[in-house]
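Report on one structure; see the data block that follows.
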Amino acid sequence: MAMGFTESLSRRYWLSISLCFSSLLISGVAFSFTIIPESCPEWFENADVKPGIACVYNCVLIPTDIFTNTCPLFCASLCERDYAGVAFFKITDLYPGLTLTERGFVVDSPREAMIAYSYSWRAESTCDTKYFASGRNDESDACRHFIWAALLTQRLGSQKAKKSLDAHEDNPAEPTAERAMDMANNRAGILSCERLMESGGCNDKNELTEFQTELRAGKIIVLKQRHRGQ
Amino acid sequence: MKKFTRILCLILFITGNAFAQGFWFGKTMTATAAEAKWGREEFNAPRFKDAALTERGKMASALLRKKAVWIGKSFHDVQTELGSPDGHYFSDMIPAYLIQMAETSQGETWQIVFLPDNNYKIKDVIIHRNYPR
């Protein structure tokens, strides 16, 4: 008997879901056959990271040098029995541009990491209402960091917000001045939200107003003025 | 109820896929479309580094057509040749260079983005609409 249209698509939908999970499982097995650089097993053993739960998270935080700087990329292979950690670490392969510390943060605190990720989009959308471009080291960049930090503070509290934001900034390739700018504006956003929360007003609209006030007052760090400091 | 569930799954599947496509890349542009929009000039890295946005736009299609030369390079390599990035795509790590800036909320901002692989090497180059998202 011929299958109905929606019945056929419904079956294909569930089939695609099954294939998705199967491919994750297969890739997990395939990953176990990845060739690990020679220096990495010794680097891992010397750090005395225990296999099991939280292994991947602790592994990506191990300090590296010129001979071991790629080893954190192989933490999922080096860790045994940290199945959840390996799975979450593999998921971070799908997100471009995460620092290694951020990837570790995803493993350690997946719920907070997802919140941080979705709120980064929200901050960008909020700042888009003021600036018509997402730039770097300019007022729009400062806005994104300020608003993101404020929203995370409102949702997760200052400590967890700072942990997430610091993970994002832990990029050894970023110039010192740029990193300092981002961290200063993150701090300003956290403090702003803490103040506004006392009156119950830490939200996107109020934080954008606060940002503009602080920008005009010279309290926001901007390395490249593009919008005349507005 | 069964029929409703199937229709709901179908809607979720279609919207999920549509969202996923927009989620990962946003709106992008081909080299042909870039040439039609901004014209075409031969790509020159030192000139691109110091060029105004209008000049960068003219070189965009040529850069995209020869993107193979960038594949496998590091972020540092890109920045050494093209200068400090001034755009933003997903994260502060990914090199992005503005080639058109919106002046009002009705305008569009475009950028060239050097997408990384999991080893932080360039795996693709795209022309991406920075605003509106």
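The values are calculated or read from the model by the stated rules, or taken from the named source; none is laboratory data. Being a predicted model, the structure only gives us computed values, none of them experimental. Ideal geometry is used to build each Cβ from the backbone, glycine not excepted, and the neighbour counts take in all protein chains shown.
Yes/no per residue for (1) over 18 Å from the mean Cα position of the chain (by Cα); (2) surrounded by fewer than 20 Cβ atoms within 10 Å (Cβ to Cβ); (3) at pLDDT 95 or above:
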position	(1), (2), (3)
B:Thr5	yes, yes, no
B:Leu12	yes, yes, no
B:Asn17	yes, yes, no
B:Phe25	no, yes, no
B:Ala34	no, no, yes
B:Arg56	no, no, yes
B:Ser74	no, yes, no
B:Ser91	no, yes, no
B:Ile94	no, no, no
Residues satisfying the stated conditions in the stretch A:144-173, i.e. in a helix (DSSP H, G or I), within 23 Å of B:Pro95 (Cα to Cα) and not basic (Lys, Arg): A:His145, A:Phe146, A:Ile147, A:Trp148, A:Ala149, A:Ser164, A:Leu165, A:Asp166, A:Ala167, A:His168, A:Glu169
Residue count for the stretch B:99-123, restricted to those that are more than 7 Å from every other protein chain (Cβ to nearest Cβ), surrounded by 14 or more Cβ atoms within 10 Å (Cβ to Cβ) and within 23 Å of A:Arg103 (Cα to Cα): 6
Neighbours by Cβ (under 8 Å, 6+ apart or cross-chain): first from the stretch A:89-104, without any contact (Cβ under 8 Å) to a residue 12 or more places away in the chain; second β-branched (Val, Ile, Thr): A:Pro96/B:Ile94; A:Gly97/B:Ile94; A:Leu98/A:Thr92; A:Leu98/A:Val106
Odd one out for B:Leu82 among (1) farther than 19 Å from B:Lys27 by Cα; (2) at the interface with another protein chain (Cβ under 9 Å from one of its Cβ atoms): (2)
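Do you know which residues across the stretch B:48-87 are assigned to a loop (DSSP other than H, G, I, E, B) and hydroxyl-bearing (Ser, Thr, Tyr)? Give the steps one after another, and end with the answer.
Here is the first cut: in the stretch B:48-87, the residues assigned to a loop (DSSP other than H, G, I, E, B) are B:51-52, B:66, B:71-73, B:83-86.
The answer is B:Ser84, and nothing else.
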Residues of the stretch A:59-106 satisfying the condition of being within 11 Å of another protein chain (Cβ to nearest Cβ), part of a loop (DSSP other than H, G, I, E, B) and surrounded by 24 or more Cβ atoms within 10 Å (Cβ to Cβ): A:Leu98
